[in-house]
Protein chains: 2
Amino acid sequence: MTGSLDDPSTPFLALERGRVEANARRLRAHLERLGVSLRQHVKTAKSVEVAGIVEPGGAITVSTLAEAEAFADAGYRDILYAVGIAPHKLPRVRALRERGVDLTVLLDSVEQAAVAGVPAFIEVDCDGHRGGVHPDDPALVDIAAALEASGGQVRGVLVHAGESYFADGDEQLRAAAQHERDVAVRAAEVLRAAGFATPVVSVGSTPTAHFATDLRGVTEVRAGNFVFFDLVMAGIGVCSHADLALSVVVTVIGHQPGKGWILTDGGWMATSRDRGTSRQRVDQGYGLVADLDGVLFDDLVMADTSQEHGMLAIRPGSAARLPELPVGARVRVLPIHACATAGQHDAYHVVEPGSRIVEAVWPRVRGW
Amino acid sequence: MTGSLDDPSTPFLALERGRVEANARRLRAHLERLGVSLRQHVKTAKSVEVAGIVEPGGAITVSTLAEAEAFADAGYRDILYAVGIAPHKLPRVRALRERGVDLTVLLDSVEQAAVAGVPAFIEVDCDGHRGGVHPDDPALVDIAAALEASGGQVRGVLVHAGESYFADGDEQLRAAAQHERDVAVRAAEVLRAAGFATPVVSVGSTPTAHFATDLRGVTEVRAGNFVFFDLVMAGIGVCSHADLALSVVVTVIGHQPGKGWILTDGGWMATSRDRGTSRQRVDQGYGLVADLDGVLFDDLVMADTSQEHGMLAIRPGSAARLPELPVGARVRVLPIHACATAGQHDAYHVVEPGSRIVEAVWPRVRGW
């Protein structure tokens, strides 16, 4: 017990632990039914404590070597660094491996494979959203051969359905999940036929992880955002607003009645500039607004922002009335994109849902 | 001398000191001609070393109390906290004042003024972009009276032409600067007529600071972004690309020839999600790309991004060819919005323009 959400200087992050627990239970139960294991992606929370809610000491995915090092220090031993490896980062990778951490890297070119010298996943592309080779591109086998020649090993194939973040409705999400699975299994088959054992078949994104119905041939699923969820995920139908575990606590610092604005001390430095719902059916601006106990105000949106100012307003077209929030009142802003919002802060103030009692302050891993 | 831009793990910030010096000289010379002093806003760089290039120990504006505390520790004594004061922050303000720092706050309501008890600026609105009262609103004098009744003092009026960031061309910029000046002087006249001395008349934004031609009645100008400049400022005509002092050094980690992409390890976590040029005549995506010596590639833009990936591509419609940049090559991404990009990092790697030699690593102030 370290005080209340009424105490710290704003803005700061509030984290509802019970919602993380429920979100983790839901995904674990779904993946158990499908017979695959979870390799959680810690890039969203960057917190050893949050990862421990999902599966303490379990297999993880990281987005930076700083995360790998921090989680290795905390006892994690099965770590996949899932950003294509830059050769200058290999000494840090080897240093962790020499400490007994099974840190694997990701690559999608012969250039990278020829210098890797460590166990690696080959990135396979399923929807043209980022890196990766096509499963039937002859380069796939060339990369595997170069990797083993460098002293490395083909640990597995990795596919990420980036397109799923733009899906609309359950049918599109199920199709994205099926396609991600099919491409991964096909790539593993190609590699095995060429003589590479390829023990791991890794797929995942938070949307496809929740909508997959058939993961035969897949051995593990990666997902990260599910620990917190956010308004983008709610907009594509992966969660409800009641599942969102993260919010930014801000203070009212003024009013512009002529513009219908309530001004707060939470600007984009506190929420990020992410506008991920701008292409969805309902644009949530820079976030929805709840009271300090987590109850949403009717149609109150963070409509605009500058570095340290947030402008709250009623959604255009709504008949809702601007709530009476005097200078000094605290409210919570629910994030558009939890990975980006959390990235603006150094720590979480941990509460239980509906409570203002801060039970702990958990640090985040920073930098690269 | 602490190595070269070829050494640190990417992504990281490179800062060209000579450009900061030139940018500072240009603005100081302009304001000297107009007979007003500069109160630099340290929110962009959040660096004692960068502020020292502009005017060591001089008057500053801050966007957070964390900045105020760090600059007080570094010997700065005239500090304006230019975000409307939340009452719970007053004890930190008073603690700094008791250390001998002339820390002033900003407010625009009787509610705030009645509890302030410290010297304050009254925020006056000139273009409806944020907070502030209109100069002819009777509330202006009520706020001043409440402030003095609380034991505070009307140190001055503050106007910020937020609209100037959306200006297009010199004429609009000059008009915004003139309007900002006129509103500030009018507000000071109203307060003085009501018996409040109002010694300081403070205006400013980076665009209006550079385009003001008449600042009679104004005593100080605030500007922050000018130390680094960025592609938004270049787009509205306040600087040229050659003035940009900040860039993010990233490494090529892959290619998608079918999509015309070069992939890097610098995603939005390194550049921010700011898309400030999306409404300008030339959309620069997430940034323009230069080689490690700072020479821009022809029409190469950071076109898309995920958390730790940047996708570089030739600007649509351009006849330029994608440069040959192998895996491992380092390039620099020039920021869309320097305040936001710098905010994603903890330090600057300082070089001279055109040089790769890192002469120093300067820390940034973080948090609130």
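Each value in this text was obtained by applying a stated rule to the coordinates, not by laboratory testing. Note that the structure is predicted; figures quoted are calculated from it, not measured. A quick note on method: Cβ atoms are made from the backbone with ideal geometry, for glycine too, and the neighbour counts reach across all protein chains shown.
Near B:VAL200, the amide H atoms lying under 5 Å from its own belong to B:GLY156, B:VAL157; only residues 5 or more places off or on other chains count, and H is placed 1.01 Å from N.
When only DSSP loop residues count, what trypsin sites (Lys or Arg not before Pro) in region B:83-152 have their Cβ near at most 14 other Cβ atoms within 10 Å? Within region B:83-152, the qualifying trypsin sites (Lys or Arg not before Pro) (loop, at most 14 other Cβ atoms within 10 Å) are B:ARG99. Placing unit charges on the Cβ atoms of the charged side chains and taking the dipole of the protein assembly as shown about its Cα centre, the candidate lying farthest along the positive direction among B:PRO316, B:LEU38, A:HIS241 is B:LEU38. Sorted from nearest, the other copies put their A:PRO316 label points 2.2 nm away, the label point being 7 Å from Cα in the direction of Cβ. Going through the cross-link list A:LYS46/B:LYS259; A:LYS46/A:LYS89; A:LYS43/A:LYS89; A:LYS259/B:LYS46, which pairs have a Cα-Cα distance over 26 Å in this structure? Pairs exceeding the cut-off: A:LYS46/B:LYS259; A:LYS259/B:LYS46.
Estimated translational diffusion coefficient (Stokes-Einstein, Kirkwood radius over Cα pairs, 20 °C, 1.002 mPa s) of chain A: 100 µm² per second. Summing Cβ point charges (Lys, Arg +1; Asp, Glu -1) relative to the Cα centre of the protein assembly as shown gives a dipole of roughly 560 debye.
Computed over chain B, relative contact order equals 21 percent, with contacts defined as Cα pairs under 8 Å that lie 6+ residues apart.
Each of A:VAL48, A:SER4, A:ALA95 was placed along the dipole of region A:1-108 (beta-carbon charges, centred on the mean Cα), and the one lying farthest toward the positive end is A:ALA95. Between B:GLU148 and B:SER37, the modelled label-to-label distance comes to 2.3 nm, taking each label 7 Å out from Cα in the direction of the beta carbon. Computed from Cα atoms, the angle from the helix A:139-149 axis to the main principal axis of chain A rounds to 70 degrees. May I ask you to list the residues of region B:1-21 whose amide nitrogen lies under 11 Å from a point 7 Å from Cα along the Cα→beta-carbon direction of B:VAL295? Backbone N within reach: none found. Tell me the mean residue ellipticity at 222 nm calculated for chain A from its helices only (DSSP H runs of n ≥ 4, each -39500 (n - 2.57), averaged over every residue, nearest 500). Rounded to the nearest 500, the figure is -8500 deg cm²/dmol. A cut-off of 5 Å between modelled amide H atoms, ignoring neighbours fewer than 5 places along the same chain, links B:THR277 with B:GLN284.
From the square roots a ≥ b ≥ c of the eigenvalues of the alpha-carbon gyration tensor of region A:35-227, which class results: rounded (a/c under 1.5), prolate (a/b over b/c), or oblate? Oblate is the answer for region A:35-227, as a/c is 1.5 or above yet b/c matches or exceeds a/b.
In order along region A:338-348, the phi-based Karplus estimate (6.51 cos²θ - 1.76 cosθ + 1.60, θ = phi - 60°) of 3J(HN,Hα) comes to 4, 4, 6, 5, 4, x, 8, 10, 9, 7, 10 Hz; Gly and Pro are listed as x.
Using only alpha-carbon positions in the protein assembly as shown, the gyration tensor eigenvalues give semi-axes of 46, 29, 22 Å once each is multiplied by 5 and square-rooted (largest first).
Rounded to whole numbers, the Karplus 3J(HN,Hα) couplings from phi for region B:291-304 are 6, 5, 8, x, 7, 5, 6, 5, 6, 8, 10, 7, 7, 8 Hz, using 6.51 cos²θ - 1.76 cosθ + 1.60 with θ = phi - 60°, and x at Gly and Pro. Shape class for region B:258-325, computed from the alpha carbon gyration tensor (a ≥ b ≥ c): rounded, with a/c under 1.5. In whole Å, how far is the Cα centre of region B:144-176 from that of region B:229-282? Spelled out, the Cα-based centre of one part sits 31 Å from the other. Among the trypsin sites (Lys or Arg not before Pro) in region A:190-272, those located in a DSSP loop and surrounded by at most 11 other Cβ atoms within 10 Å of their own Cβ are A:ARG216. What separates the B:ASP7 label point from its copies, with the point 7 Å along Cα to Cβ, is 4.4 nm, written shortest first.
For region A:292-368, the set of GluC sites (Glu not before Pro) satisfying both a DSSP loop assignment and a count of at most 16 other C-beta atoms within 10 Å is given as A:GLU324, A:GLU359. Dipole magnitude for chain A: computed about the Cα centre from +1 point charges on Lys and Arg Cβ and -1 point charges on Asp and Glu Cβ, it is near 280 debye.
For the rotational copy relationship between A and B, the axis lies nearest to a chain A beta carbon, identified with its distance in whole angstrom as A:ARG273, 2. Sorted from shortest to longest, the distances between the A:SER278 label points of this copy and the other copies are 0.2 nm, with each point 7 Å from Cα along the line through the beta carbon. The mean count of C-beta atoms from other chains within 10 Å of the C-beta of residues in B:302-309, rounded to a whole number, is 5.
Shielding by partners for peptide B:106-114, expressed as the average number of C-beta atoms from other protein chains within 10 Å of each residue's C-beta, is 3. Considering only B:SER109, B:PHE71, B:SER272, the residue lying farthest towards the positive end of the dipole of chain B is B:PHE71, judged by Cα position with unit charges set on Cβ. By its C-alpha gyration tensor, with a ≥ b ≥ c as the square roots of the eigenvalues, how is region B:290-331 shaped: rounded for a/c under 1.5, else prolate for a/b larger than b/c, else oblate? Here region B:290-331 falls in the oblate category. Contact order for region B:7-145, expressed relative to its length and based on alpha carbon pairs under 8 Å spaced 6+ residues apart, stands at 14 percent.
Take each residue in B:247-256, count the other chain C-beta atoms within 10 Å of its C-beta, and the mean is 5.
Each Lys and Arg adds +1 at its Cβ and each Asp and Glu adds -1 at its Cβ; summed about the Cα centre, region A:201-287 shows a dipole of about 240 debye.
Phi angles of region B:362-368 translate, via the Karplus equation with coefficients 6.51, -1.76, 1.60 and θ = phi - 60°, into HN-Hα couplings of 9, x, 10, 6, 10, x, 10 Hz per residue; Gly and Pro are given as x.
What percent do you get for the relative contact order of region A:35-227 when only Cα pairs under 8 Å and 6+ apart count? Relative contact order comes out at 20 percent.
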